[in-house]
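The values are calculated or read from the model by the stated rules, or taken from the named source; none is laboratory data. Bear in mind that the values here come from a model prediction, so they are computed numbers and not experimental data. All Cβ positions, glycine included, derive from the backbone under ideal geometry; neighbour counts span all protein chains shown. Protein only, heavy atoms only, side chains kept; ligands, DNA and RNA dropped before computing areas. Shrake-Rupley method; radii C 1.70, N 1.55, O 1.52, S 1.80 Å.
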Amino acid sequence: MKLASFIIDGRETYGAVVGETVAPVTDAFAARHPDLRAALAAEALGGLDLGAPLPLASVTFLPPIPAPSK
């Protein structure tokens, strides 16, 4: 699974890239783990809850891990 951080409809989020689509995490999952860094730190990716897939062209990609630690 390829994970990515991106902007959709002016909102920063993250999810999984699947073929020519990207599936953002659900609002409930994002409420518990607001960014990919938080999800990784909590070891929560095994329970990743994804929403409906969207075309890749509908998102603006960000660096995968926002504000990485040194």
Based on the Cβ-Cβ distance of F61 and A38, what FRET efficiency does E = 1/(1 + (r/R0)^6) give at R0 = 25 Å, to the nearest 0.05?
-> 0.85
Along principal axes, Cα extents of the chain, largest first, whole Å = 30, 25, 22
Solvent-accessible heavy-atom area per residue, rounded to whole Å², over the chain at 1.4 Å | 63
Starting from the amide H of L3, placed 1.01 Å from N in the peptide plane, find each other amide H under 5 Å away whose residue is 5 or more places distant or on another chain.
-> V17
